[in-house]
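What follows is a short report on a single structure.
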Amino acid sequence: MADIWLMRHGAYEGHRPGHHAPHDAALTQEGRDQVRRSLPLPNGITAIVTSPVPRARQTATLVSHLTGLPIVAVSGLLAEWRAPSIVLGRTSETYPPAYRAWRARRLANPSLRCEDGESLTDLHTRARHCAAFLHHTAGRHGPLLVVSHTVLLGVLTHLQQGPAAFTTAANTPWHFTERRPLPAHQQVAPDLQRPDQ
């Protein structure tokens, strides 16, 4: 059995394809129903770790309530990719020119940021630290359910691709409340210490 299961949060207010959700978007009733339908969890899970973003934290809290499993950590390492403020609440047809220009250059220069957004290099580094944190937490608490967001989860499962994992993650569907095991071959870089050190 996998030691770490990754789960996307449930449906949230204002969701539409290609939409950059505001940080405070909350679960909808459909999102809560999706969480209920996602149970039971795989056998052996003993604890929950979650992103602090409301839609993920609400998902984790409902799973905890329905299963009796404890939430043992809420970590900003699990937050969604930080899109620049200029695209929050927008869809692709209304992206401003600065964001379109960044998108055209982001793979050639993964350290490039668009305004207050997170670069692809920053996201990949955070995901590497997150993987180390999750393995450490699973070592302390046993098999985990990790509740997070599409892009971050996709980068976690494709760390070996480096910053380009962002593109794979953004183009790979991960449905609401879908669970996938963190690949067993996923290696934590030896140069990373635990985030709490």
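See the values below:
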| item | result |
| --- | --- |
| Any chance Pro163 is farther than 26 Å from Ala47 by Cβ and without any contact (Cβ under 8 Å) to a residue 12 or more places away in the chain | no |
| Candidates His124, His175, His129, filtered to the one that is closer than 27 Å to Leu69 by Cα, surrounded by 13 or more Cβ atoms within 10 Å (Cβ to Cβ) and in contact (Cβ under 8 Å) with a residue 12 or more places away in the chain | His129 |
| Close pairs from segment 135-148: first over 8 Å from Leu6 (Cα atoms) and among the small types (Gly, Ala, Ser), partner surrounded by fewer than 22 Cβ atoms within 10 Å (Cβ to Cβ) and at pLDDT below 95, Cβ under 6 Å, at least 6 apart | Ala138/Asp3 |
| Single unsatisfied condition, His135 versus (1) crowded, with 21+ Cβ neighbours inside 10 Å; (2) more than 27 Å from Ser85 (Cβ to Cβ) | (1) |
| Where Trp102 falls short, out of the listed (1) out of contact with any helix residue (DSSP H, G or I) (no Cβ under 9 Å at 6 or more places or on another chain); (2) surrounded by fewer than 19 Cβ atoms within 10 Å (Cβ to Cβ); (3) at negative phi | (2) |
| Residue in segment 107-117 that is at negative phi, modelled with pLDDT of 95 or more and under 17 Å from the mean Cα position of the chain (by Cα) present | yes |
| Tally, over segment 50-72, of residues that are more than 13 Å from Thr177 (Cβ to Cβ) and touching a Ser or Thr at 6+ places or on another chain (Cβ under 6 Å) | 3 |
| Those residues of segment 58-72 which are β-branched (Val, Ile, Thr) and in contact (Cβ under 8 Å) with a residue 60 or more places away in the chain, in sequence order | Thr59, Val63, Val72 |
| Positions within segment 149-159 being in contact (Cβ under 8 Å) with a residue 24 or more places away in the chain, more than 12 Å from Leu78 (Cα to Cα) and surrounded by fewer than 21 Cβ atoms within 10 Å (Cβ to Cβ), in sequence order | Leu159 |
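The values are calculated or read from the model by the stated rules, or taken from the named source; none is laboratory data. None of the values given here were measured: they were computed from a predicted structure. Cβ coordinates were reconstructed from backbone atoms using ideal geometry, including for glycine residues, and neighbour counts include every protein chain displayed.
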